[in-house]
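The values are calculated or read from the model by the stated rules, or taken from the named source; none is laboratory data. The structure presented is a predicted model; accordingly, all values stated were derived computationally and were not measured. Every residue, glycine as well, gets a Cβ built from its backbone with ideal geometry; the counts of neighbours run over all protein chains shown.
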Amino acid sequence: MRKTLRSLLAILGASAVLIALSILLQGAAATAGLGERIFDLVSGWRGPDSPPWPASMDNELRFYAALWGAYGLLVLRCARNIDKQAGQVPWLAATFFAGGVGRAMSWFAVGAPHPFFLALMAIELTLPVALAGLWLAQRRAPSQCHS
């Protein structure tokens with residue numbers, strides 16, 4: 001359980017940092033466009049690409065990318081030192097889940113995005129539940145020697 005929790009946290013943290021850097025350096029549209037193209041290739045989806053992103057949206061998302069990157073660093077710190085940082089897991093999971101809820105609210109308020117973003121939403125609504133479950137299971141497990 002501990003190794004699985006650490007691995008999932010490490011993957012989440014590294015992904016957040018890499019996505020944040022991509023948005024900061026290349027822009028939101030370029031980052032999303034790459035994700036959409038990979039999704040289309042893997043899934044075979046043949047729908048339309050997302051429309052061009054306005055400058056104000058790019059500006060806003062580059063700002064939030066810095067916060068997303070900081071979140072990723074916190075998740076990585078937790079993964080690296082899970083024994084001392086385990087108490088942060090529920091908060092980190094809840095924050096990630098809230099992002100998925102925000103995507104769902106957007107979907108209902110303004111319409112469906114490209115399916116790539118729906119896939120991200122599914123991850124954001126399910127991975128936190130898995131993280132919280134692993135965290136609870138680890139807390140309930142008898143103390144063992146950690147390697």
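Looking across the range 8-51 at every residue that is outside any helix (DSSP H, G or I) and of a type in the set (D, E, K, R), the one that is nearest to Val89 (Cα to Cα) is identified as Asp49. In the range 1-58, which residues are hydroxyl-bearing (Ser, Thr, Tyr) and closer than 30 Å to Asp83 by Cβ? Across the range 1-58, the qualifying residues are Thr4, Ser7, Ser15. Looking across Leu34, Leu21, Leu5, Leu41, one residue alone is more than 22 Å from Pro128 (Cα to Cα), of a type outside the set (Asp, Glu) and in contact (Cβ under 8 Å) with a residue 24 or more places away in the chain. It is Leu21. Scanning the range 44-76 for residues that are without any contact (Cβ under 8 Å) to a residue 60 or more places away in the chain and either on the phi > 0 side of the Ramachandran plot or surrounded by 15 or more Cβ atoms within 10 Å (Cβ to Cβ) (or both) turns up Gly44, Trp53, Asp58, Leu61, Arg62, Ala65, Trp68, Gly69, Tyr71.
From the list Trp107, Trp68, the one residue that fits, being touching a helix residue (DSSP H, G or I) at 6+ places or on another chain (Cβ under 6 Å), closer than 15 Å to Leu120 by Cα and at pLDDT 95 or above, is Trp68.
In this structure, Ala30 does not qualify as surrounded by fewer than 17 Cβ atoms within 10 Å (Cβ to Cβ) and within 30 Å of Arg140 (Cβ to Cβ). Quick check on Gly33: is it at positive phi and not basic (Lys, Arg)? Judged against the criteria, Gly33 is not a match.
Take the conditions touching a Leu at 6+ places or on another chain (Cβ under 6 Å) and either more than 24 Å from Leu76 (Cα to Cα) or touching a residue at least 12 places away in the same chain (Cβ under 8 Å) (or both) and apply them to Leu134. Does it pass? The answer is yes for Leu134.
Among the residues of the range 87-104, is any more than 22 Å from Val17 (Cβ to Cβ) and in contact with a helix residue (DSSP H, G or I) (Cβ under 8 Å, 6 or more places away or on another chain)? Checked the range 87-104: at least one residue is more than 22 Å from Val17 (Cβ to Cβ) and in contact with a helix residue (DSSP H, G or I) (Cβ under 8 Å, 6 or more places away or on another chain).
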